[in-house]
Structures are given as structure tokens and as C-alpha cells.
1. So K49 fits all but one of (1) assigned to a strand (DSSP E or B); (2) open to solvent by 20 Å² or more (accessible area, probe 1.4 Å); (3) not small (G, A, S); what number is the exception?
2. Looking at (1) open to solvent by less than 20 Å² (accessible area, probe 1.4 Å); (2) modelled with pLDDT under 95, find the lone condition where V15 falls short.
3. Quick one: would you say S57 is in a loop (DSSP other than H, G, I, E, B), free of Cβ contacts under 8 Å to residues at least 24 places away in the same chain and loosely packed, with under 13 Cβ neighbours inside 10 Å?
4. Quick check: anything in segment 28-39 outside any loop (DSSP other than H, G, I, E, B) and closer than 12 Å to A4 by Cα?
5. For segment 35-46, state whether one or more residues are without any contact (Cβ under 8 Å) to a residue 12 or more places away in the chain and surrounded by fewer than 17 Cβ atoms within 10 Å (Cβ to Cβ).
6. What is the residue count in segment 61-81 for residues that are open to solvent by 40 Å² or more (accessible area, probe 1.4 Å), touching a strand residue (DSSP E or B) at 6+ places or on another chain (Cβ under 9 Å) and either assigned to a helix (DSSP H, G or I) or among the acidic types (D, E) (or both)?
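The values are calculated or read from the model by the stated rules, or taken from the named source; none is laboratory data. Just so it is clear, the structure is predicted and the values come from calculations on it, not from any experiment. We place every Cβ from the backbone using ideal geometry, glycine too, and count neighbours over all the protein chains shown. Note: areas computed on protein heavy atoms with side chains; ligands, DNA, RNA excluded. Shrake-Rupley method; radii C 1.70, N 1.55, O 1.52, S 1.80 Å.
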Amino acid sequence: MLYAIQHPHLPLCKVGFTSDVGRRMQQYATHGMWVKPFCVVQGGRWHEKRAHTLLLSAWETGEWFACSKEAVRLAMEAACL
């Protein structure tokens with residue numbers, strides 16, 4: 001599954017991959033990052049990499065992108081077609 005979160009303190013969004021979204025959100029919480037996914041779609045690691053490629057112009061660092069939630073949603077949906 002692909003998921004997208006918004007950074008709790010910065011204007012950044014992250015696209016990630018996990019087999020268990022709930023568990024992944026708990027892992028963020030253990031590091032003091034209380035987040036909820038704003039988009040979840042079926043897909044694998046290849047789809048995650050494709051979404052990252054589609055968002056490349058907004059890349060900030062790692063899997064974080066400086067763009068709108070809508071841009072992230074569209075990239076995730078397009079990557080999983």
C-alpha cells in the first residue's frame with residue numbers, strides 16, 4: 001500500500017510504502033511525529049518509486065516533497081494506473 005502524510009511542522013508531504021498503514025503510523029508516533037495518512041492507495045514499491053518520480057520537481061529530501069496534498073494524490077493515483 002502507498003500512503004501519504006503531511007509533516008506536522010513543515011509544509012512537506014511524504015509518499016511511502018508499507019504493508020500495514022496503521023502500524024506504520026504508530027512507528028511515526030513513537031518518534032513524536034503524530035500523523036494520519038491523507039491518501040492511501042493499493043500499490044507496491046515500484047508504484048512508490050513511480051510516484052516519487054512524478055513528484056521529482058517538488059523533491060525536498062528523502063521521500064519528502066514540497067507540494068500540495070492534491071499534487072501528491074494525483075501522483076499516487078497516476079503511479080498506480
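1. Every listed condition holds for K49 apart from (1).
2. Result: V15 passes all but (2).
3. Details: in a loop (DSSP other than H, G, I, E, B): no; free of Cβ contacts under 8 Å to residues at least 24 places away in the same chain: yes; loosely packed, with under 13 Cβ neighbours inside 10 Å: yes.
Taking the combined requirement at face value, the residue does not satisfy it.
4. Quick first cut of segment 28-39, residues outside any loop (DSSP other than H, G, I, E, B) only: 28-30, 39.
Narrowing the set further to residues that are closer than 12 Å to A4 by Cα leaves 39.
Yes: segment 28-39 contains one or more residues that are outside any loop (DSSP other than H, G, I, E, B) and closer than 12 Å to A4 by Cα.
5. Initially, segment 35-46 is screened for residues without any contact (Cβ under 8 Å) to a residue 12 or more places away in the chain, giving 46.
With the extra rule that they be surrounded by fewer than 17 Cβ atoms within 10 Å (Cβ to Cβ), the set shrinks to 46.
Yes, there is a match, as at least one residue in segment 35-46 is without any contact (Cβ under 8 Å) to a residue 12 or more places away in the chain and surrounded by fewer than 17 Cβ atoms within 10 Å (Cβ to Cβ).
6. 4
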